[in-house]
1. Conditions: (1) part of a loop (DSSP other than H, G, I, E, B); (2) surrounded by fewer than 19 Cβ atoms within 10 Å (Cβ to Cβ); (3) modelled with pLDDT of 95 or more. SER244 meets all but one. Number of the miss?
2. Please verify whether the stretch 111-122 includes one or more residues that are crowded, with 20+ Cβ neighbours inside 10 Å and of a type in the set (Ser, Thr, Tyr).
3. Could you tell me which of the residues LEU359, LEU297 is under 30 Å from ILE134 (Cβ atoms) and modelled with pLDDT of 90 or more?
4. From the list ASN236, ASN288, ASN274, which one is assigned to a loop (DSSP other than H, G, I, E, B) and either free of Cβ contacts under 8 Å to residues at least 12 places away in the same chain or among the aromatic types (Phe, Trp, Tyr) (or both)?
5. With respect to the numbered conditions (1) within 15 Å of ligand 1 (Cβ to nearest atom); (2) touching a residue at least 40 places away in the same chain (Cβ under 8 Å), which one is the sole condition not fulfilled by ALA64?
6. Go through (1) at pLDDT 95 or above; (2) surrounded by 19 or more Cβ atoms within 10 Å (Cβ to Cβ) and name the single condition LEU305 misses.
7. Of the residues SER95, SER67, SER84, which single one is within 21 Å of GLU169 (Cβ to Cβ) and either more than 11 Å from ligand 2 (Cβ to nearest atom) or modelled with pLDDT of 95 or more (or both)?
8. So LYS56 clears everything in (1) assigned to a helix (DSSP H, G or I); (2) within 13 Å of ligand 1 (Cβ to nearest atom); (3) closer than 17 Å to SER95 by Cβ except one condition, right? Which one?
Amino acid sequence: MTIGIGGAGSKIAAKLDNQAILINVSETEMSKVDGGSRRILPTMFAAKGQLRGSRKNPQIGLDAYHSVQRELQELIRGNFVFCSTGGGTGNGITSGILNDLASQEDVSLTDKTCFGIILPYAKLESNEFVDNTIAFLTGPLSDAIDSGNTGNIFLINNKKKFVEKISEEHYNQMIVDSLNVFLSIPDKNDRLPLLDGHIDHEDFTSFMSKPYFNYFTYFNYNPSAPFEKQLDANLNDLLLPPDSAIEALFLVEVPKGGDPTIFYDILQYFSTKNVAPIYSVVENPEVNAPFVTVSLLYSRKPAELVDDFNHISEEHVKAKVNKTLNQNVSLVKLNVNMEDEAKRAVKQKGDSDDILATLRRIGKL
Ligand SMILES: Nc1nc2c(ncn2[C@@H]2O[C@H](COP(=O)(O)OP(=O)(O)OP(=O)(O)O)[C@@H](O)[C@H]2O)c(=O)[nH]1
Ligand SMILES: [Mg+2]
């Protein structure tokens, strides 16, 4: 199930899933979204709030979160949440959800929540959107990821929308179409004749339950050309560009009677990156050429995340982003010494299971 929070989150969730639950503090904005099923209107305490939304103030969204906290904690389990980081509602309510996740004990694999997060294009959008985004990325999002309690995070980039002057409706459709290519992987494994490997629903859920950023792309694959070049040439510019992969998953669809061995070169590529992907090869009579869908999971520290966000902005915005960053947070470069970290864990908790848990939490296992 899909949950959409705030303006952007609701519009995208409703397009992705006709059973989506939509959440907005603004009745007016909510009434303009078609589709989805249930709608939740958290209670606002500020006068006139119910009509006007959070007015780009995440604190108002966060306050409203408390009126639906219990219900949302249940609803998000094992589901997919969409929000933008620029406004007040999606940012504020999702910050509440992430703060709660960060303070929970371990969340089980099937209860993990994935997040689709829409980032503003700073060059052409307001300062508040930029400030709110930085506070969100470096605060609640990073804390929740560090706790290991989130599933995959998809960072959706609005740059293309503004640069190519694409209508909101069309851009949302592009995002949803793209997500559907990735999300259809387990169904294709169910439905189509399998030629090699296998990705079943459990494998897919397990991949989606890891607290990393998910970047995926897909393209017609030419088996006689290097995979790496094709991966670079077919960047999915609806998402933030990836960093080096920690884990990967890919599906190769070959035409009827196609060569089922072309995936070995892709495995070879990942082996040079020290990644052992899960994969499968299916025969799809609807494709005319081999088609590959590939997903990379990667990790980012808060400062690097803001840096990524910087890269989608233009030069003159970077100064603005840096200024905000200096005012808001002091970021220490994390140099984790494994031995110190392990000793600290022993001192605190006193048994080796905890050390392993700690190493897992800091992403070293
Ligand atoms: N891709 C996409 N981006 C959107 C859409 N609507 C808003 N945005 C972006 O989302 C950010 C604004 O956030 P909204 O989701 O409108 O704000 P909100 O969460 O409803 O919060 P408030 O309106 O401030 O209460 C900006 O960066 C917009 O460019 C949409 O339909 N699609
Ligand atoms: Mg709104």
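The values are calculated or read from the model by the stated rules, or taken from the named source; none is laboratory data. Predicted model, so just to flag it, every value in this text is computed and none were measured. Here the Cβ positions follow ideal geometry from the backbone for every residue, glycine too, while neighbour counts run over all protein chains shown.
1. Of the numbered conditions (1) part of a loop (DSSP other than H, G, I, E, B); (2) surrounded by fewer than 19 Cβ atoms within 10 Å (Cβ to Cβ); (3) modelled with pLDDT of 95 or more, the odd one out for SER244 is (3).
2. yes
3. Values: LEU359 fails: modelled with pLDDT of 90 or more.
Step by step, each of LEU359, LEU297 is checked, and only LEU297 is under 30 Å from ILE134 (Cβ atoms) and modelled with pLDDT of 90 or more.
4. Details: ASN236 fails: either free of Cβ contacts under 8 Å to residues at least 12 places away in the same chain or among the aromatic types (Phe, Trp, Tyr) (or both); ASN288 fails: either free of Cβ contacts under 8 Å to residues at least 12 places away in the same chain or among the aromatic types (Phe, Trp, Tyr) (or both).
The conditions single out ASN274.
5. With (1) within 15 Å of ligand 1 (Cβ to nearest atom); (2) touching a residue at least 40 places away in the same chain (Cβ under 8 Å) applied to ALA64, the lone miss is (2).
6. Every listed condition holds for LEU305 apart from (1).
7. Unique residue meeting the criteria: SER84.
8. (1)
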